1. If you go through region 1-26, how many residues are of a type outside the set (A, V, I, L, M), open to solvent by 50 Å² or more (accessible area, probe 1.4 Å) and farther than 13 Å from residue 218 by Cα?
2. Considering only residues that are open to solvent by less than 10 Å² (accessible area, probe 1.4 Å) and either modelled with pLDDT of 85 or more or under 14 Å from residue 168 (Cα atoms) (or both), which ones fall in region 205-216?
3. Output the residue which, of all residues in region 225-267 that are assigned to a loop (DSSP other than H, G, I, E, B) and among the hydrophobic types (A, V, I, L, M, F, W, C), is modelled with the highest pLDDT.
4. For residue 134, which of the numbered conditions (1) among the aromatic types (Phe, Trp, Tyr); (2) within 30 Å of residue 225 (Cα to Cα); (3) over 19 Å from the mean Cα position of the chain (by Cα) fails to hold?
5. Output the residue which, of all residues in region 158-172 that are modelled with pLDDT of 95 or more and crowded, with 24+ Cβ neighbours inside 10 Å, is farthest from residue 248 (Cα to Cα).
6. Need pairs with beta-carbon distance below 8 Å; first residue open to solvent by 60 Å² or more (accessible area, probe 1.4 Å) and within region 217-239, second part of a helix (DSSP H, G or I) and among the hydrophobic types (A, V, I, L, M, F, W, C); sequence gap 6+ or separate chains.
7. If you take the residues in region 48-65 that are of a type in the set (S, T, N, Q) and in a helix (DSSP H, G or I), which one is modelled with the highest pLDDT?
8. Hey, among the residues in region 138-158 that are of a type in the set (A, V, I, L, M, F, W, C) and part of a loop (DSSP other than H, G, I, E, B), which one's farthest from residue 172 (Cα to Cα)?
Amino acid sequence: MLALVAEPEVDLSPLTSRLWANKIAHRVIPQEGKQCLYLADSRDIEQVKNWLEEWQQGQLDDADLIVESQSGNWLLKISEAPLAFLFIPLFLAVFAWMHISTDWNAWVMLGQALWPEHRLSLEAYAEIGLWDLWRPTLLHFSFLHILMNMLWWWVLARRIEVVDGKAALLLVILLCGLIGNAAQWWYAGPGFGGASGVTLGMLAWVATRERRFKLGYQVPPVLLTVMVAWLLLTLLGDTVVPGLSGTAHGAHFGGLICGLLFAQLWPVRRFVHAPSTEQSDLTKTGNQPDSRDN
């Protein structure tokens, strides 16, 4: 049952947190530029109406949320975006492997004999190979490095998978990682690793599609602002004092531009089960109540 239609910029988390806390099955689906809240059981509609009124009046209190339900909330998020979640244990496994083996050193020294003389030659990139160009994405050189990338990855990748599907997320990961790493190799040569190029690509993807297609990714705008500010700050620092931040700027900007362009071309996902107003209790709202790391 369709219970609510909201504008894409509206934060539905206070309402959805209340629903999860009370074990009311529901799902928020982007549809035609709106956020549509569906209930699994029509018998919950009256209670949801009451909470909706409280939410619109800014009176929805979190004090009575059921703590035990939070674990179920996380399990649901994982089930909705299994591909996004899969990369987190993969990053951790590679990070652990880097501390017990030195075999990963070959991953960061890709095409060492070809740079810089052949960095403008397409044959050089073909000789390195697609896998060798992409795989430094899995490497992280410090705990803070991997922690920040996993945090951003979970925030952005999960929303892309839910809104645009697994195929879109997989292509973002592969293309932004490949183009970002190729740009870094061209810019500064071998000796880099990290998933930040992909993360910046996902940032560009979300920001572009929210603006152009009015899709609701439910990513707080302040997080996007902080991420861009950090990118510019590290670039400024390395311009003043070369090597100050140890950031792989080529991978960052390569991934960012790739995500920006790819987001323009990928079709908007349409949901075929569009409910009619005869079979749903529809409420509309537009305003919410008050080495180099990459």
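The values are calculated or read from the model by the stated rules, or taken from the named source; none is laboratory data. Just so it is clear, the model here is predicted, and its values are computed rather than measured. Here Cβ is always computed from backbone atoms with ideal geometry, including for glycine, and neighbour counts include all displayed protein chains. To get the accessible areas, we keep the full protein, side chains included, count just its heavy atoms, and leave off ligands, DNA and RNA. Shrake-Rupley method; radii C 1.70, N 1.55, O 1.52, S 1.80 Å.
1. Looking only at that region, the number is 3.
2. 205, 206, 209, listed by residue number.
3. Step by step, filter region 225-267, then rank; the result is 266.
4. (3)
5. 169
6. As it stands, the answer is 228/203, since those pairs meet every condition given.
7. So the first thing to find is which residues in region 48-65 are of a type in the set (S, T, N, Q), and the list is 50, 56-57, 59.
Filter again for in a helix (DSSP H, G or I), leaving 50, 56.
Details: 50: 76, 56: 70.
So the residue we want is 50.
8. Initial filter on region 138-158 (of a type in the set (A, V, I, L, M, F, W, C)): 138-139, 141, 143-144, 146-148, 150-157.
From what's left, part of a loop (DSSP other than H, G, I, E, B): 139, 141.
Working: 139: 18, 141: 23 Å.
Looking at residues that are of a type in the set (A, V, I, L, M, F, W, C) and part of a loop (DSSP other than H, G, I, E, B), I get 141.
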